[in-house]
Every structure is written in structure tokens, then in C-alpha cells.
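Undergrad: Below you will find the structure I want to go over with you.
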Amino acid sequence: MSQTQDPTGAGTQTRSIGVAVLGMGNVGTEVVRILEESADDLRARVGARLEVRGVAVRDLAKPRKIDSELLTDDPASLVARDDVDVVVELMGGIDPARSLIRHALESGKSVVTANKALLAEYTGELATAAATARADLYFEAAVAGAIPVIRPLTQSLAGDTVERVAGIVNGTTNFILSAMDADGDDYDVVLAEAGRLGYAEADPTADVEGYDAAAKAAILASIAFHTRVTAADVYREGITAVTSADLLAARKFDCTIKLLSICERVRDTDGTQRVSARVYPALIPLSHPLATVGGAFNAVVVEAQNAGRLMFYGQGAGGAPTASAVLGDLVMAARNKVHGGRGPLESTYAKLPIASIGDVPTRYYVSMRVADRPGVLAQIASEFSKRSVSLAAVRQEGAGEDARLIVVTHRAPDRAQSECVAALEDMDEVLKVSSVLRLEGTDD
Ligand SMILES: NC(=O)c1ccc[n+]([C@@H]2O[C@H](COP(=O)([O-])OP(=O)(O)OC[C@H]3O[C@@H](n4cnc5c(N)ncnc54)[C@H](O)[C@@H]3O)[C@@H](O)[C@H]2O)c1
Ligand SMILES: N[C@@H](CCO)C(=O)O
Ligand code: NA
């Protein structure tokens, strides 16, 4: 932070805030662009000029739209510079991002990051470093890209009691499922397109296997329920087993399939509260607001005791939208440096236990190939009733060799539902359980 004497005699004025950008990929490139293009507006909003002191990259030789003097392949030295006040971490991954952020915070520099994979493991460590050094740690871009969800949860809803945060928080998988649903597009082609458009992670396994959505669920659940929730606490299934046939079949039940991240305050009959955080592809009715969220768009629905239901919708991925959230945080961090004040601290006072997926009430959709003979339906139904799972709908399709049975259950503990599926898999009359998905967004 450089200061100058105010000519009015009012004392010293902060002239500039030094910014270090780590990583110049999809998001970093856009952050650097906006910093340059909007420099005057940002200065007016912050009360000091945001000056990029350096940008850490892996490949110095790669041509980039930036003064090459600013580039460095030594992020540690950049972070350690005395004239850096705020570090913007956009390289992703755990190491070296974790140690760079920690060092920055420990030396009193504020940090803005979009790194959900890191935060879902190490928010505790980083937030402690920030609190100790009275520095800020901001991460709006880490969940649902441009959409403000972290700030509403930490600040606007700080006086309410959140019951549920559920939504579509991975753009890549929503892009893939939407294309498969609308056009029956091939999975690999759509995934490659998501990468080209800057939505997919460097390793798209994080997207399609649900790790990215699970990291975001951990971050959302931690904030919503004032409890530290890490990625390991989140039950996770990805979309790799979902087929175009599943999407077609879902349509016959007036549903579509979305990868949902669900964070819920689960209340037991004795009043005990636990936190459930889970990610899986689920059928949702076409009439549900999340069913209309297409392409790489994200949406998050928050239910709070007094606010009621709130919905946040917009671009959850892509360089420019994500950079918008990064810049918002950067302005906050810089304003705090210039005018004093602090960003929100981590809040984990509630320390609620984590509910296991088996205890959470869910509904199932099970599609299976069956032997086409009398009594099979009754046998299948009895496996559900034995475990106190009641059936909401049963539909037979095809006949003879192609006979298929689709069963939709009412709500019951997930453990009972999955035990029913295991029992079906053991039945001679069930030739193959071809698809098992949960059903969300219904009251029963
Ligand atoms: N792309 C999105 O839509 C999006 C949205 C929200 C959050 N994020 C998060 O933002 C971060 C960046 O995402 P991205 O899409 O820009 O990724 P990216 O892979 O396009 O960019 C990361 C850049 O960092 C550089 N880098 C990695 N390690 C480095 C190191 N040690 N030193 C210097 N440079 C290094 C890489 O060379 C690459 O250019 C990730 O944490 C990601 O999860 C991305
Ligand atoms: N890969 C992520 C980027 C946004 O966090 C997605 O597809 O949503
Ligand atoms: Na966001």
C-alpha cells in the first residue's frame, strides 16, 4: 500500500493497493483484463488505485495481453513483496496455492480466491491464519461463479436460520446434461465443448464425478449451518452413469435430470440437528424452478426460517463471469485496506454433527430389466414393503425379452432404499438393474 500526503492537509492518503495475481488461465486472464479496462472506475470505488504488481504464470514464453515485465514464474517471491497488499489466487489445485495463500495471510495480506477444491479442505487453516493476522479471506467466485451466494449467506442472512441450500452449482455437468436432454448429444463431444468454453476444470473428472459440486456443497454447508464441513463429509455421486435413455425415461415422468448439491439441516424426532451435504444426479419435476436452468447456468435455492425461499440464478462458470465475482471481492478487500474494516470471519460455533446419507430421507427411481412372467411385480413390490418403503408409481415398458419395470418410491431413509435395490439385484427375476437415481423437488 503506497501512501501520499494529502494536499488538503487532512493527513496521509492511500494512493495505491498492490495486487498480485497468481495464475493467468481462464479466470486470471479476465481478471487482469478487467483491472486494466476498469482501472479508473475501480479506483473511484476503492478510494485508491488497484495496481497489478505482478502476475504469476507457469510459462513465461506464452504470448499474453499484458506487459511482460509483470510476468513471473516465481509466485512465492511475488506474494512476499512488500508492495503487495492483496493476493488473488487463480491457479487452482491444493499445492502450491495452499502455502502461498497461507504465507500471504500470515504476513497480513488479504486474499481473494476462486479455489473451491482448496477451500473445501483447508478453510479452517486459512481462516485461522486470516483471523490471526487481521487479514481478509474472500471467495465469492468459488461457488456458483458470478452469482452472489457466499456474501448473501455470510452477510445478508447472518440474522436468519438457514434450513436448506440446494441447487445446480456445476456448470460443466449442467451443460452436458442439458445438451443430452435437449438434443441427445454425445457425452464426450459436449464435455470437450465445456472445456473449450472455459467451464470445465483442468481435470474434468472433478466436474463429471461430482468432486467440484461436492467441494462447493462443503463451502455452502459450512457457511449456512455455522459448522465446519469439508469435502470428505459430502456424499457424492457424479453424472458418468447417466445416459440419454435415463433422460428420455425421466421425461415420461415429467421430469429431467440435474446434478444437485443439497445442504440440509436435518432434524431428528428428538430435536437433535445434523447437517446433510450431498451431491448426486436426481430427477426433478419439469415444473420445478431448477428444471429450467440450462447450459452452464447455475442456480441456488436457499430456504431460511424467516426469509422464506430465495433463488439465485446466473452464470456459474466461465472466465468473465467468474472474474466479476473475483473483482467484487478484490474491491471489498482493497476498501478494507484503504478505509479500515474487516471482511466476515469464519463462523463455526454451531458445530453440528454430519448426518450420514443412509439416515437422510430420499425418494428413488429404479429402472430394471425383468423376466416377463406373472408374479414378478408382486415379488418386487414385496422387497420394498419388507423395508417399509412404499411405492409411488410402477410402470412396465416393453414385453418379453425387452420387459422393463420402472419403480418410483415415496420418501424413506436412503439406507432402506438402497437395501431394496441390493435385494432387487439379487433376484433371479430381475435381469439387470439398469438405472438408480434419486428424485428431488417433490413434497412426498
Ligand atoms: N473456469 C471457471 O469457470 C471457474 C469458475 C469458478 C472458479 N474457478 C476456479 O478458479 C481457479 C482458476 O480456474 P481457471 O479456469 O482459470 O483454470 P486454468 O487452468 O484455466 O488456469 C489456471 C492457470 O494457473 C496457472 N498455474 C497453475 N499452477 C501455477 C503455478 N504454480 N505457478 C504459476 N501459474 C500456475 C496455469 O498455468 C493456468 O494458466 C480454479 O481454482 C478454479 O477451480 C474456475
Ligand atoms: N468447473 C466448474 C467451474 C465453476 O466453478 C463448473 O463447471 O462449474
Ligand atoms: Na459466487
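The values are calculated or read from the model by the stated rules, or taken from the named source; none is laboratory data. Predicted model, so just to flag it, every value in this text is computed and none were measured. A quick note on method: Cβ atoms are made from the backbone with ideal geometry, for glycine too, and the neighbour counts reach across all protein chains shown.
Undergrad: Restricting attention to region 175-192, does a residue exist that is within 11 Å of ligand 2 (Cβ to nearest atom), under 12 Å from the mean Cα position of the chain (by Cα) and of a type in the set (A, V, I, L, M, F, W, C)?
TA: no
Undergrad: I need a count of the residues in region 308-323 that are within 28 Å of Thr362 (Cα to Cα) and in a loop (DSSP other than H, G, I, E, B).
TA: Qualifying residue count for the region: 1.
Undergrad: Quick check on this structure: which one of Val326, Val366 is crowded, with 18+ Cβ neighbours inside 10 Å and outside any strand (DSSP E or B)?
TA: On the way: Val366 fails: outside any strand (DSSP E or B).
Within the list Val326, Val366, the selection yields Val326.
Undergrad: Could you please let me know if Arg415 is more than 14 Å from Val376 (Cα to Cα), not aliphatic (A, V, I, L, M) and not in a strand (DSSP E or B)?
TA: Yes.
Undergrad: Tally up the residues in region 157-191 that are in contact with a Pro (Cβ under 9 Å, 6 or more places away or on another chain) and either away from ligand 1 (no atom under 14 Å from the Cβ) or more than 22 Å from Ile147 (Cα to Cα) (or both), please.
TA: Summing the residues that are in contact with a Pro (Cβ under 9 Å, 6 or more places away or on another chain) and either away from ligand 1 (no atom under 14 Å from the Cβ) or more than 22 Å from Ile147 (Cα to Cα) (or both) in region 157-191 gives 3.
Undergrad: If Leu283 satisfies every condition in (1) more than 27 Å from Val27 (Cβ to Cβ); (2) within 16 Å of ligand 3 (Cβ to nearest atom) but one, which is the exception?
TA: It is condition (2) that Leu283 fails.
Undergrad: Taking region 328-355 on its own, how many of its residues are more than 25 Å from Ala277 (Cα to Cα) and more than 16 Å from ligand 2 (Cβ to nearest atom)?
TA: Qualifying residue count for the region: 14.
Undergrad: May I ask you to verify whether Thr256 is more than 16 Å from ligand 2 (Cβ to nearest atom), out of contact with any His (no Cβ under 7 Å at 6 or more places or on another chain), assigned by the TED database to the domain that holds Ala296 and modelled with pLDDT of 95 or more?
TA: Yes; evaluated as a whole, the condition is true for this residue.
Undergrad: A further question follows. Any idea which of (1) in contact (Cβ under 8 Å) with a residue 60 or more places away in the chain; (2) β-branched (Val, Ile, Thr); (3) in contact with a helix residue (DSSP H, G or I) (Cβ under 6 Å, 6 or more places away or on another chain) is the one Ile94 doesn't satisfy?
TA: Of everything listed in (1) in contact (Cβ under 8 Å) with a residue 60 or more places away in the chain; (2) β-branched (Val, Ile, Thr); (3) in contact with a helix residue (DSSP H, G or I) (Cβ under 6 Å, 6 or more places away or on another chain), Ile94 misses just condition (1).
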